[in-house]
Amino acid sequence: MPLVVCATPIGNLQDITLRVIEQLAAADLVLCEDTRRTRILFDRYGISSRLASYHEHNEARRTAEILPRLEAGESIALVSDAGLPGVSDPGTRLVAAARDAGLPVTVLPGPSAVETALVAAGFELERYRFLGFLPRGDRALAALWDDLASWPDAAVAFESPQRLPGTLRSLAAAMPDRRVAVCRELTKAFEEVVRGPARTVAARFESPPKGEITLVIGPGQPRGVPDRVGLEAVAELVGEGLPRRKAADLVARLTGLPKNQLYRDTL
């Protein structure tokens, strides 16, 4: 099989499938984000296949180099530092190029920080939105929270430990009662899941924690017409002389209702 996309452990090195070990050992070449990290996995399982870097800075060049080798019949495996390549990690370009060239691609499933965190959070799950890495900047975050305010299902995202306190403060300001779970160091020795209302969890992480973070935001109010009480509250504040947008913002903060919809539906 020319191209095999392999899921690797997100923390605990024992979380790897027998198929992945077999394919990595049999590959003519294994592409990885960081050869040093992948070498640790190889040493653990006695794998001696040749490694080559494949990351965001050389993805285009490497894809052009690898495609002829795939066409020649070489067996090449693709891994990321953790989880599946192509999910907020390099890999999509190579998979697409191989598919476009009519070459077979096999994906070997395995650990996922997204699904592990969703289950660990303990929120109701029928659907969820994957946000990838959260945007930087107060305005971008505020726009995201406004969008999520009425999203009826859970959302999951990656965040750096350094930015986590600021992100949680921003979320708590926009939706203080929205349930959230901070999943830290999943599958590792010091795994921790802290869940509760955004305002409570934000207070718990006033300073940056250590380790990798996956953030789960619980379901919100379904989209539709906001609570009649919320609309009436905006109208009453406007009647008292408060600008409509400020009135909608105030009611949204107090109720968790989407402020943009409160503003539009009281025009």
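So here's what we get for this one:
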quantity: Cα lying deepest toward the dipole's positive end in the chain, options Leu250, Ala72, Leu41, charges on Cβ; calculated: Leu250
quantity: Bridge type composition, the chain - antiparallel percent by DSSP, nearest 5; calculated: 50
quantity: Total charge dipole magnitude, the chain, about the Cα centre, Cβ charges on Lys, Arg, Asp, Glu only, Debye to nearest 20; calculated: 520
quantity: Size of charge dipole - the range 3-108 - debye, nearest 20, with Cβ of Lys, Arg +1 and Asp, Glu -1, no other charges; calculated: 120
quantity: The range 49-138 - percent relative contact order, Cα under 8 Å, separation 6 or more; calculated: 26
quantity: Computed helical MRE - 222 nm, the chain, DSSP H runs ≥ 4 contributing -39500 (n - 2.57), nearest 500; calculated: -12000 deg cm²/dmol
quantity: Paramagnetic label zone (point 7 Å from Cα along Cα-to-C-beta, Arg245; backbone N under 14 Å) in the range 129-149; calculated: 143
quantity: Student exercise, the range 55-201 dipole from Lys, Arg, Asp, Glu Cβ charges, in Debye to nearest 20; calculated: 360
quantity: GluC sites (Glu not before Pro) restricted to the range 84-144 and DSSP loop, no more than 12 other C-beta within 10 Å; calculated: Glu124, Glu126
quantity: Positive-end extreme of charge dipole, the chain - chosen from Val193, Ala203, Thr106 (charges on Cβ); calculated: Ala203
quantity: Of Leu262, Leu31, Leu94, farthest towards positive along the dipole that unit charges on Lys, Arg, Asp, Glu beta carbons give the chain; calculated: Leu262
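Bear in mind these aren't lab numbers, they're just calculated from the coordinates by the rules spelled out. Values in this document were obtained by computation on a predicted structure and should not be read as measured data. Virtual Cβ from ideal backbone geometry, glycine too; neighbours counted across all protein chains shown.
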